[in-house]
Each structure stands twice: as C-alpha cells, then as structure tokens.
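Here's the structure, in structure tokens; my notes come after.
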C-alpha cells in the first residue's frame with residue numbers, strides 16, 4: 001500500500017506540473033488538488049523532485065536559458081541560417097513570432113507549483129503538524145527567487161538601467177482561475193527575489209545535496225543577484241561565504257576536463273540531475289552545441305564558437321579549457337564545438353547510457369571567485385589586490401598567461417575570464433548587458449545575412465528584452481498597456 005501511495009503522489013505531482021502548461025498564459029492558477037497528495041515531508045520532497053525535473057525542460061535550464069545568453073552574447077556564431085534556434089542569434093522575436101514565450105509559460109508554471117507546494121506546507125503547519133518542513137520550504141523560496149531573477153532579466157530592463165521599468169508579475173500565492181495579474185516593476189521584482197532568498201537562507205541544510213538547492217546554493221544565488229544590482233559589497237560578502245565556508249573546492253588544472261564526465265563534482269554548488277530517460281538527444285544541451293551530425297545524425301550543427309571567443313581562449317594554447325573543445329564542421333583545425341554536456345570530446349557522458357544525459361551544472365564554485373573578483377574591484381572602496389587574487393584562482397587555468405596584479409587587473413580582464421570559463425553555460429549576454437558593454441557578433445564568419453539587428457548591439461536596443469507575447473495579451477488584455485517599448 002505504501003508503494004502505491006508513493007506512485008500516486010508522484011503522478012499527482014507530475015500532473016499538477018504538466019497539466020497547466022498550455023493555459024499558463026492566461027495566468028497561473030492551481031491545476032490539481034495537491035492537498036490530498038502532500039501530507040508529509042516525504043510527500044513534499046517527492047513533489048520537489050517533480051519540480052526539479054520540470055526545470056530541466058528545454059524551455060528552461062535544459063536548453064534555452066543557457067542558449068539565450070550564449071547565442072546573444074557574441075561568443076557563438078552560426079554556420080548557416082535556418083538550421084534551428086538561430087532566431088535567438090538574430091534577435092528575431094516580435095509580439096507574434098519568434099516570441100520565445102515558453103520562457104514565460106514555463107517559468108510561471110514552475111512558480112505555480114512552488115506556490116502550491118508552499119501553500120500546502122503552510123496549511124499543514126497551521127494545523128499543527130510535528131514534521132519539519134524547513135528544508136523543503138527553503139528550497140521552494142530559493143527556487144522561486146531564482147525563477148523571478150531569470151524572468152525579470154528576460155522581460156525587464158537591467159536593474160542598473162531603469163529599475164522603475166516593468167518587470168514581470170509578482171505572484172506568491174495560488175491564484176484563482178480568473179486572476180489577471182499585471183507586471184510589477186523591476187525594483188519590485190528584485191525586492192521579492194531578495195525577500196525569498198533571505199527567507200529561504202536559514203531554513204536550508206548546509207550539507208551537499210546534489211540535484212537540489214542547499215544553503216550554499218542560496219548564498220551563491222544571492223551573489224549573482226547582488227552583482228546584477230551593482231550592490232558589490234553584498235555580492236562580495238555572499239561569494240566569500242561560499243568560497244571560505246562552503247564544502248566545495250576548485251579543480252586543479254589536470255582535473256578540470258575530466259570533471260565534465262562526472263555526475264557530481266567538488267565545484268558543483270547547484271546542479272540538476274538528468275536521468276537517461278531525460279537525455280533529450282538532439283534537443284539536449286549536448287546536442288545543441290555538438291558538431292553537425294556528430295553525436296547524432298539529427299544534430300543540425302546549430303552553433304559554434306565565434307572567432308572572437310577562439311581568439312580569447314587562444315591567448316594561451318595550453319589553456320585547460322581547450323580540452324572540452326573539438327572541431328566544428330568547417331575544419332578539423334577549428335575547435336569551435338563545446339562538448340561540456342556530452343562529458344568530453346569523446347562523448348563519454350557522465351555515466352548514463354545516453355551521453356547527452358549529463359547533469360546540468362547550474363552554479364559552479366568558479367563563478368563565485370569571478371563574482372568576488374569583480375565585486376572587490378568595483379565596490380566603493382575598491383580592493384584591487386583581493387580582486388586579482390580571486391581572478392588568478394581561475395586565470396591559472398591559462399598557465400602561460402601572466403597573473404593579474406593589483407596594477408593590471410581590469411573589469412574587461414574579469415569578463416574575458418568569465419567568458420572562457422563559462423562558454424555554453426548561459427552567462428555572457430547577461431554580463432555584457434549589465435556592464436553596459438557593446439556586443440559584437442561574428443556575422444561575417446560565413447557571410448550569413450542578419451536582418452533583424454546590426455553587427456553590434458547594446459542595451460539601448462529594445463531587442464535585448466523579450467516582448468510580452470500576443471497570446472498573453474489576448475488572455476490578459478490589461479497587460480497590453482505594459483508592453484515593452486519597441487514592440
């Protein structure tokens with residue numbers, strides 16, 4: 001009977017997550033009565049597993065959230081238009097076509113499930129349950145903060161550009177079916193993000209929990225958020241907490257390449273577990289970044305590294321990060337394909353039968369060092385020596401490059417190192433936009449015509465923010481008055 005109950009709970013949890021996807025653009029509401037499913041911590045944890053699986057959708061961390069920032073950040077280019085996914089590269093999104101509306105629908109679907117779970121836990125606590133739900137509640141609040149952080153970056157102005165601009169609706173309760181929520185401001189979104197992260201922080205375990213967020217993942221997310229707010233003191237404090245007190249260590253140079261073939265790792269602060277059945281094949285991250293027809297005959301050769309990135313990484317031919325690069329379709333000498341998500345260039349995967357079923361590393365310790373470096377450099381009382389030390393912990397992966405010093409360190413040096421470290425991990429676009437940099441695209445690589453944008457773009461262009469898509473406006477007409485400028 002116990003096994004039957006567990007299976008039933010799993011089905012209810014998955015149903016609650018999946019059944020509402022098509023109507024989320026009408027605004028999230030409760031899609032299933034999970035009150036009958038969640039009666040214990042075990043039930044809540046099983047529900048969390050279903051939510052984690054949903055986060056691996058190709059509409060979110062399983063593909064497009066990473067691809068969005070890489071395709072738009074100048075580190076990738078395309079060999080040919082029309083193979084698929086190149087609308088991101090060309091910024092070809094309007095209100096009615098190429099909208100990438102799945103970011104909105106999937107994001108709010110997951111928020112719905114998090115709100116549903118939190119509501120049920122609070123109901124049980126109000127009824128006097130003796131079970132300790134703190135860690136699950138901490139996970140819910142942390143993930144909700146992360147979802148809102150990603151959504152406001154996609155649909156709202158950068159915080160340091162115009163925090164009074166429209167962000168996304170702040171929804172923290174389970175809504176009625178006829179709810180028509182409107183957009184909050186960017187500042188209100190960030191206030192909610194920090195409220196969630198701060199509320200979740202003391203509830204979470206400090207133990208290593210692969211596949212789920214813990215205290216250290218929460219602090220790492222705080223470091224990310226504060227960095228985007230130009231709150232460098234708090235960004236540095238959060239990153240230092242993880243670096244100095246967390247149970248994680250940087251890989252040595254001779255370990256770094258092999259780390260991608262491991263399911264877990266000593267640098268992984270937060271990763272999502274991918275089962276063999278969830279590999280995704282040609283639509284998984286491993287397939288998206290693979291050479292044309294290499295991993296699978298259906299691989300389209302969608303993206304490859306730009307000349308600009310290869311020049312940056314090529315500053316040191318012995319950089320250990322060349323070890324996960326293999327040649328693209330243009331030449332056996334041009335190492336333009338990144339095979340992090342296939343485990344290695346020999347496509348060994350990370351232990352699953354499907355090489356494309358590699359766990360997705362969402363936050364790694366090396367990011368904390370680079371956040372600490374930038375924050376130390378840019379805070380009101382700059383500490384260039386500390387900034388150089390943090391940077392050099394990662395820069396040593398290029399053994400032939402001179403270490404940064406107090407006199408030589410610059411923001412561009414930090415951003416370039418971050419580019420080399422996080423190729424295909426969804427970082428570059430966000431870094432350049434928040435730092436108000438101009439992004440240059442390698443459009444002249446194969447002469448592919450790009451009609452939607454110029455060769456360069458910066459955050460003054462409305463195309464750097466997604467539109468509210470027409471289906472959402474049809475379902476919620478009042479939000480039309482809050483459409484992003486230019487659409």
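The values are calculated or read from the model by the stated rules, or taken from the named source; none is laboratory data. Because the structure is predicted, anything quoted here is derived from the model rather than measured. Every residue, glycine among them, receives a Cβ derived from its backbone with ideal geometry; neighbour counts consider all protein chains shown.
Brief remarks on what is shown
- The test for being surrounded by fewer than 18 Cβ atoms within 10 Å (Cβ to Cβ), touching a residue at least 12 places away in the same chain (Cβ under 8 Å) and not assigned by TED's automatic domain parsing to the domain that holds residue 76 does not hold for residue 245.
- Checked across region 472-486, the condition of being surrounded by fewer than 17 Cβ atoms within 10 Å (Cβ to Cβ), outside any loop (DSSP other than H, G, I, E, B), without any contact (Cβ under 8 Å) to a residue 60 or more places away in the chain and touching a helix residue (DSSP H, G or I) at 6+ places or on another chain (Cβ under 7 Å) holds for at least one residue.
- Scanning region 436-449 for residues that are modelled with pLDDT of 90 or more, surrounded by fewer than 18 Cβ atoms within 10 Å (Cβ to Cβ) and assigned to a loop (DSSP other than H, G, I, E, B) yields 436, 437, 438.
- Meeting the requirement of 3 or more residues that are surrounded by fewer than 20 Cβ atoms within 10 Å (Cβ to Cβ), the helices (runs of 4 or more DSSP H) wholly within region 40-108 are 41-55.
- Residues of region 329-338 that turn out to be crowded, with 22+ Cβ neighbours inside 10 Å and touching a residue at least 60 places away in the same chain (Cβ under 8 Å), as a count: 1
- Residue 412 meets each of the listed conditions (1) surrounded by fewer than 18 Cβ atoms within 10 Å (Cβ to Cβ); (2) under 30 Å from residue 210 (Cα atoms) apart from (2).
- Yes/no for residue 393 being surrounded by fewer than 23 Cβ atoms within 10 Å (Cβ to Cβ) and either modelled with pLDDT under 95 or part of a helix (DSSP H, G or I) (or both): yes
- Residue check for residue 162: surrounded by fewer than 18 Cβ atoms within 10 Å (Cβ to Cβ) and closer than 30 Å to residue 266 by Cβ: no
- Among the candidates 432, 415, residue that is part of a helix (DSSP H, G or I), within 30 Å of residue 268 (Cβ to Cβ) and in contact with a strand residue (DSSP E or B) (Cβ under 7 Å, 6 or more places away or on another chain): 432
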